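Reviewing the structure listed below.
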Amino acid sequence: MNKDEILHWLNPDTDPAPLLALADRVRREHVGGAVHLRGLVEFSNYCRRSCRYCGIRAGNAKIRRYRLTPGEILACARAAAGLGYGTVVLQSGEDPAWGPRELAALTERIKKETALAVTLSTGEHSREDYRMLRAAGADRFLLRFETSDRRLFGELKPDSDYDARFRCLAWLREAGFQVGSGVMAGLPGQTPESMADDILLFERLGLDMVGIGPFIANPDTPMGGAGNGKLDLALRMTALARIVTRNAHIPATTAMGSIDPQGRQKALRCGANVLMPNISPAEHRVDYSLYPGKICTGEAPEQCAGCVDAMLKSLGRERAAGHGHSLKVQISPARPAGCSPKAPVGEGAPPVRAGEPRNGSRVWGTGEYPAGRASGRS
Ligand code: SF4
């Protein structure tokens, strides 16, 4: 699918039904009907950064800060295993008190005491620290780039560096992680062109996981007065991500369910194949307030599991067995019907070496970047 085709499908005047139907078919053919459940532990809402859209940004004095202890997180992981989930996802702000050494020690304990796959989502680290976390047994890492538009990235994340973000993604790949990234849809100042570039970049990065959520304005942030993104746009982006990546794992995100009660179900019908039920301790759920109206802040983990199973049943889908590792190694060279040759990504996006294979292959190497450390913790 080329950029013009993507722009056509992103146009709100275009009927999305054929796009969503194609994405559902590509999902069936390349990842099947089963849905992977990843238990999400939001273990600290401390963050040293000041992303202008984020409710747990360092400058937000209105939220109650918390961080879980290793023992509390381990208890969550055991609960995830008990609920039959294949993966525990450990997510936090960039909390200096939960540095890479502490994360590595925790990962080792979880891997030793459970059979779970471990996904980390803890922001930017140094190249050496990513290697240490991988050596400790972490299987996957999620690090969203949020937008491929360099100018917009700078506005959204004033104390982050665009190039460092992508350098971290390359380091994660080099360290041997299954790598996930993603974007927000409907950001103020986001253009259709930049969203088309986001989609093309998902493919070029060879991502194992792709997460897309609608932008939801948080009143306690500098972007609190902006309008929310539309679910329709996030669904079009999800469908396009499915079509171009074919077999990446794509979650029906909590943000989709927060902006529309049927948001996650709709995403599962147009390409998504993952759900991330929250297994954080109930007393802290409400404090991980990235945006207002977040769902699943009052339920116990068992209730979320029951809710998710009921959702899957209503859709005629079932839980996937196993860990839900990346399918990229099993990718077939055939392209889905309805897709055409690819176009180059627009100006401002990170470089890709000419002649590199794209779909299903690892495209990025750290040789494309200058030596040095990311701007994150080390
Ligand atoms: S988006 Fe991530 S890095 Fe930025 S303030 Fe929020 S938690 Fe911190």
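May I ask you to compute the full-extension gain from E108 to A58, defined as 0.36 nm times their residue separation minus their alpha-carbon distance, rounded to one decimal in nm?
Roughly 15.1 nm would be gained on extension.
For the chain, just list the percent of Cα-Cα distances falling in each 20 Å bin from zero outward, please.
Answer for the chain: a P(r) of 31, 64, 6 percent.
Checking a compactness column here: for the stretch 1-100, what do you get for Rg(Cα) / (2.2 N^0.38 Å), N being the number of residues?
Cα-based Rg divided by the globular estimate yields 1.58.
Lysine pairs in the chain with Cα distance under 17 Å, only those 8 or more apart or on different chains: how many are there?
For the chain, qualifying lysine pairs total 5.
Can you compute the charge dipole magnitude of the chain about its Cα centre, using +1 on each Lys and Arg Cβ and -1 on each Asp and Glu Cβ, nothing else charged? Give it in debye, rounded to the nearest 20.
Charge dipole, the chain, about its Cα centre: 560 debye, nearest 20.
For the chain, what does the helix formula give at 222 nm: sum of -39500 (n - 2.57) over DSSP H segments with n ≥ 4, over the residue count, nearest 500 deg cm²/dmol?
Roughly -11000 deg cm²/dmol at 222 nm, from the helical runs in the chain.
Would you mind putting 22-34, 307-319, 271-283 in packing order, based on average other-beta-carbon counts within 10 Å, highest first?
So the peptides 22-34, 307-319, 271-283, ranked by packing, come out 271-283, 22-34, 307-319.
Under a point spin-label approximation (7 Å from Cα along Cα-to-Cβ), what is the R101-T191 distance to one decimal in nm?
4.7
For the chain, what relative contact order do you get, as a whole percent, if you take Cα pairs closer than 8 Å and at least 6 residues apart?
Dividing the mean separation by the residue count of the chain yields 26 percent.
Going by average Cβ density within 10 Å per residue, which order do the peptides 44-50, 194-200, 137-143 take, highest to lowest?
194-200, 137-143, 44-50
Taken together, the values in this text are just the output of simple stated rules run on the coordinates, not laboratory data. Nothing here was measured: the structure is a model prediction, and the numbers come from that model. Note: ideal-geometry Cβ built from the backbone for every residue, glycine included; neighbour counts use all protein chains shown.
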